[in-house]
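Q: So that we are looking at the same thing, I have put the structure below in structure tokens.
The values are calculated or read from the model by the stated rules, or taken from the named source; none is laboratory data. Everything numeric here is computed off the predicted structure, so don't read it as measured data. Positions of Cβ are generated from backbone atoms using ideal geometry, with glycine treated the same way; all protein chains shown enter the neighbour counts. Please note that ligands, DNA and RNA were not included when accessible areas were found on the heavy atoms of the full protein model with its side chains. Shrake-Rupley method; radii C 1.70, N 1.55, O 1.52, S 1.80 Å.
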Amino acid sequence: MRDTDYMEVFERSMDMPPVSREEGLRVLQTLGLELPPQMQTEEGWSYASALEAAGLGKWNYDTGTWVASSKQFYAFAAEFPDAAHMYEHYFAGLASITSEPELTFRFLDYLNVQVNEGEGTLTVYFLVNGAIVEYDARVDRDWIDTDIQRAINDCLELLGVEKRFYSIEASQGRIVFYCTDEWARAFEEATLCFMSYDGI
């Protein structure tokens, strides 16, 4: 399970005529995705914008908590509004779309933080099926290191879990799906949105 050719998918998408909101929603429904009624105009509709709007969830800035708005996909801005807790929120988003009993998945802690003027590294610790995993994340102020998706997927592969996290580009971040490689490729072919195994 690895990425297809980004440029090939991108070039095909550039040759594709604009997709109407009605047709796009029909395609997403055939893929098993449910979206609430969208407030976007016909002119501004795209797969990424519709999925992003439906998957961002709701922030409570007073308490620093986030509530998921979809159980099928999770959208996030790579520049987090709460930088001190960005990986906690990221893992909460991933957990919101992994309801299968064979996968337990949660954030643990940050350690070994080495940051100077907003740049450096920090070690992110998380649990997958009870096993502690660590990832040395790049620090770039309030931007999350989206490469962590690859580390998580590599761990799932070692554990023999069938599904992986795949993501597509959003306006300022990513939209993440927990799915089989077969479904990821079907989604990519139907929408011409590049599905990344690596998160970049």
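Q: Would you say residue 161 is assigned to a strand (DSSP E or B) and modelled with pLDDT under 95?
A: Taking the combined requirement at face value, the residue does not satisfy it.
Q: So, one more: Among the residues of region 139-158, what is the count of those that are charged (D, E, K, R) and either open to solvent by 60 Å² or more (accessible area, probe 1.4 Å) or assigned to a helix (DSSP H, G or I) (or both)?
A: 5
Q: Shifting gears a bit: On the basis of being without any contact (Cβ under 8 Å) to a residue 12 or more places away in the chain and touching a Gly at 6+ places or on another chain (Cβ under 8 Å), does residue 139 make the cut?
A: Answer is no for this residue.
Q: Sticking with this one: Which residue out of 63, 121 is outside any strand (DSSP E or B), modelled with pLDDT under 90 and of a type in the set (S, T, N, Q)?
A: 63
Q: Let me ask something else about it. Out of 187, 177, report the one residue that is under 20 Å from residue 34 (Cα atoms), open to solvent by less than 20 Å² (accessible area, probe 1.4 Å) and part of a helix (DSSP H, G or I).
A: Being under 20 Å from residue 34 (Cα atoms), open to solvent by less than 20 Å² (accessible area, probe 1.4 Å) and part of a helix (DSSP H, G or I) holds for just one of 187, 177, which is 187.
Q: I would also like to ask the following. State yes or no: is residue 104 open to solvent by 30 Å² or more (accessible area, probe 1.4 Å), in contact (Cβ under 8 Å) with a residue 24 or more places away in the chain and under 19 Å from residue 71 (Cα atoms)?
A: yes
Q: For region 158-165, does any single residue satisfy the condition of being of a type in the set (Lys, Arg) and without any contact (Cβ under 8 Å) to a residue 24 or more places away in the chain?
A: No; the residues of region 158-165 include none that is of a type in the set (Lys, Arg) and without any contact (Cβ under 8 Å) to a residue 24 or more places away in the chain.
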